[in-house]
Amino acid sequence: MSHVIESGLASAAEARGFFDAQLRYRTDPADLAADLLAGETRIVVIDTRSAAHYAEGHIPGAISLPHRTMTATTTAPLARDKVYVCYCDGIGCNGSTQGAYKLAALGFQVKELIGGLHWWRQDGFAVATGSDAGVLLAEGNACGC
């Protein structure tokens with residue numbers, strides 16, 4: 001008996017639908033970095049962690065908007081024609097999920113960065129420190145995707 005197969009298999013069409021949804025809701029560090037390095041202006045990266053954690057290290061160019069503070073008032077300055085990519089520490093943290101949920105509930109287009117800052121660093125991308133957003137530079141791309 002196969003441990004992989006015994007729980008059942010989705011049809012090819014069902015699997016395609018599932019993976020299509022995954023790609024519509026999430027992105028990974030390599031794809032995000034590629035867009036940032038290419039100067040993609042439709043994407044805004046949001047660090048959903050506390051301001052203190054943001055200052056310790058964040059994705060260059062990201063803005064600090066802790067998910068616990070997201071309201072119609074605090075998000076009013078955000079442009080409605082952008083796609084917001086939310087991240088937090090990593091897979092053990094749900095700050096990015098909560099931030100993306102809150103932004104979507106407020107009518108914004110969102111995606112979640114899988115793996116958060118942990119996978120960003122693991123893929124070899126640099127982080128910025130302090131309260132300035134910083135800029136991502138081409139150096140430091142070690143992802144083999």
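Here are several values of semi-axes √(5λ) of the Cα gyration tensor in Å: (i) 30, 16, 11; (ii) 27, 15, 14; (iii) 28, 19, 15. Which one was derived from the coordinates shown?
It is the value labelled (iii).
Taking the chain as a Gaussian network, Cα atoms linked when under 10 Å apart, which of Ala128, Ala21, Ala51 shows the biggest mean-square fluctuation?
Ala21
Specify the longest stretch of the chain that does not include any exposed loop site, a site being one of the GluC sites (Glu not before Pro) with a non-H, G, I, E, B DSSP assignment and at most 13 other Cβ atoms within 10 Å.
41-138
Top mean-square fluctuation among Leu103, Leu117, Leu37, Gaussian network model of the chain, C-alpha springs under 10 Å?
Of Leu103, Leu117, Leu37, the Gaussian network model singles out Leu37 as fluctuating most.
Specify the angular offset, from 0 to 90 degrees and rounded to the nearest 10, of the alpha carbon long axis of helix 95-105 from the longest principal axis of the alpha carbons in the chain.
The answer is roughly 90 degrees.
Most mobile of Asp28, Asp20, Asp123 per a Gaussian network model of the chain (Cα springs, under 10 Å)?
Top of the fluctuation ranking is Asp20.
Run lengths n ≥ 4 of DSSP H only: what is the helix-derived mean residue ellipticity at 222 nm for the chain, with -39500 (n - 2.57) per run over all residues, to the nearest 500?
Helices in the chain give a 222 nm mean residue ellipticity of -9500 deg cm²/dmol.
If you fit an axis through the alpha-carbon atoms of helix 12-25 and take the longest principal axis of the Cα set of the chain, what angle between them do you get, 0 to 90°, nearest 10?
Here the helix axis deviates by roughly 10 degrees.
Tell me, what does the Kirkwood hydrodynamic radius of region 31-105 come to in angstroms if you use every pair of distinct C-alpha atoms?
12.7 Å
Readers should treat all values here as calculations from the given coordinates under stated rules, not as data from a laboratory. The shown structure was predicted, so the numbers you read here are calculated from the model rather than taken from an experiment. When we count neighbours, we look across all protein chains shown, and the Cβ atoms used for this are built from the backbone with ideal geometry, even at glycine.
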